[in-house]
Amino acid sequence: MTLLLSIQVDANALPPEKGSLQLTPKLCVLSRKETLCDSQIDIQWALEQPLLLCLFEKDIPSPLMCWQKQQQGQLQYQVNTDHSLTFQLRKQQDDTLLASEIYKVIREQAQYRQRRRKPWNFF
Amino acid sequence: MRTLKTALNSVQANIKPIALLSMLLLSPSKALSNDCVDPSEACATVGEWEFQVAVGVGKRTNPLVDSDDIPLVVVPQVSYYGERFFLENLELGYTLTESNHFMLNAILTPGRDSAYFLREDINNFFVDGVLEFSNSIQPGDTPIDADTLDLDDLHKRRLAGLAGFELSSDWAGLQWQLQLLQDITRVHKGQEARFAAGFSSGSQTQRFSASAGLTWKSDAIMNYYYGVSLKEAGPSPLAYEASSGFTSFARLGWQKKLSPRWRLNASVQYEQLSQAMTDSPIVDENKVLQFFIGGLYHF
């Protein structure tokens, strides 16, 4: 419930300044034998007006990068993760959320079945 | 035995190769329901190849006269399980129906008897359906008896392909398996029935197993491999017509897990041959012994 509330607050906190955040790629599919997504993400953002802002990865307190009064920016970011990551663009001044995008990690679902029963199996 | 033979003849009549193939291809491909949630000894990951290799010291005796034993040094195993299809080394199968306790498969499997005769036989790389390198069966150059009969002079004992059904069960820790098989390659046109039961106990790191079983082979199989025709016998009195018969085996195994990929593996097996085999002039042992100890690596 806390999480839901937090998401709602974040959504409501979106300011009138319109921002866009784009991730390329934005999806990683792990095969059954893979454990980590090892990928470089191209992160691009754009605003309608120049602002002091920073790009965050939600689980890391410190910003990935900050920009001074720019309307657009770009960052190549190397990830090595087993779970989805949320990237956020925030105003430096009051930490207002300007834009948010998720890099999704999904897993191929494994299916299992019974082996043959072989009482004379060598192994 | 007449009843079993009648049943097998009925199987022979009913599982013509085309009918079997049709059954394999046309059966509904709906996934089977089971309790498997993780890969384990009992459960396989669908759509994934598995490779194992045992490296160690072992031997399987050859009961034929003047033949070398089969060393067991490197014994690989490859397997693949689809939703219903499966491959375990040379054995192909298709699961027709399955519950938590029973499994009914249609299978194609090589006959095992040719391994004693043919150095290049594909069975010579396998141990009970398990791949095995470094076999060196070598029919000798010396005569069998009174300089009158040599294994090299006999007609070639070819590998036969057997098809049939396999029913298995796992109940209260006891596993058993019954196979009813028919030669579909017209090598000897014989039938074979295999039954084995076993259990294992132990912990996650160490496991003991014991199993025993019987194999019945029709006179067509026995005579093809262990009979000696008048033409082969020539002037000697060694012509022999083999009848059907049972062989039985007992086996003890032990495994200890050393790491996620390595296990120690040891086993010993005793197989008592049927009288129809031991009466043959080309067989001079009444048993086959097999032992192995070594490491087992799971790739």
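Of everything in region A:79-120, what is facing chain B (nearest Cβ under 7 Å) and without any contact (Cβ under 8 Å) to a residue 24 or more places away in the chain? Give them in sequence order.
Passing the criteria: A:Gln111, A:Tyr112, A:Arg113, A:Gln114, A:Arg115, A:Arg116, A:Arg117, A:Lys118, A:Pro119, A:Trp120.
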Just checking, how many residues over region B:43-60 are among the β-branched types (Val, Ile, Thr), within 12 Å of another protein chain (Cβ to nearest Cβ) and over 20 Å from the mean Cα position of the chain (by Cα)?
2
So, in region B:256-271, how many residues would count as being closer than 20 Å to B:Ala196 by Cβ and surrounded by fewer than 15 Cβ atoms within 10 Å (Cβ to Cβ)?
0
Please determine, by comparing only the residues of region B:43-68 that are surrounded by 16 or more Cβ atoms within 10 Å (Cβ to Cβ) and at pLDDT below 85, which one is farthest from B:Leu296 (Cα to Cα).
B:Asp66
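Return the only residue of B:Lys257, B:Lys231 being away from chain A (no Cβ under 14 Å) and farther than 15 Å from B:Pro63 by Cβ. It would help to see each step written out before you state the result.
Working: B:Lys257 fails: away from chain A (no Cβ under 14 Å).
Result: B:Lys231 is the single residue among B:Lys257, B:Lys231 that is away from chain A (no Cβ under 14 Å) and farther than 15 Å from B:Pro63 by Cβ.
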Criterion: without any contact (Cβ under 8 Å) to a residue 60 or more places away in the chain and farther than 25 Å from B:Ala197 by Cα - qualifying residue of B:Ala239, B:Ala250, B:Ala233
B:Ala239
Scan region B:202-258 for residues that are under 26 Å from the mean Cα position of the chain (by Cα), under 20 Å from B:Val65 (Cβ atoms) and assigned to a helix (DSSP H, G or I) and jot them down.
B:Ile221, B:Met222, B:Asn223, B:Tyr224, B:Tyr225, B:Tyr226
Right, B:Arg251: of a type outside the set (A, V, I, L, M, F, W, C) and surrounded by fewer than 17 Cβ atoms within 10 Å (Cβ to Cβ) or not?
no
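Could you say which residue among B:Ser236, B:Ser243, B:Ser229 is of a type in the set (Ser, Thr, Tyr) and under 14 Å from B:Gly190 (Cβ atoms)?
Just a single option satisfies the conditions, and that option is B:Ser243.
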For region B:176-199, name all the residues that are within 12 Å of the chain's Cα centre (by Cα) and among the polar types (S, T, N, Q).
B:Gln179
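Out of the residues in region B:214-235 meeting the condition of being aliphatic (A, V, I, L, M) and touching a Leu at 6+ places or on another chain (Cβ under 9 Å), tell me which one is modelled with the highest pLDDT.
It comes out as B:Val228.
The values are calculated or read from the model by the stated rules, or taken from the named source; none is laboratory data. Note that the coordinates shown come from a computational prediction; the quantities given were computed from them, not determined experimentally. Neighbour counts are summed over all protein chains in view; Cβ atoms, including those assigned to glycine, are modelled from backbone coordinates with ideal geometry.
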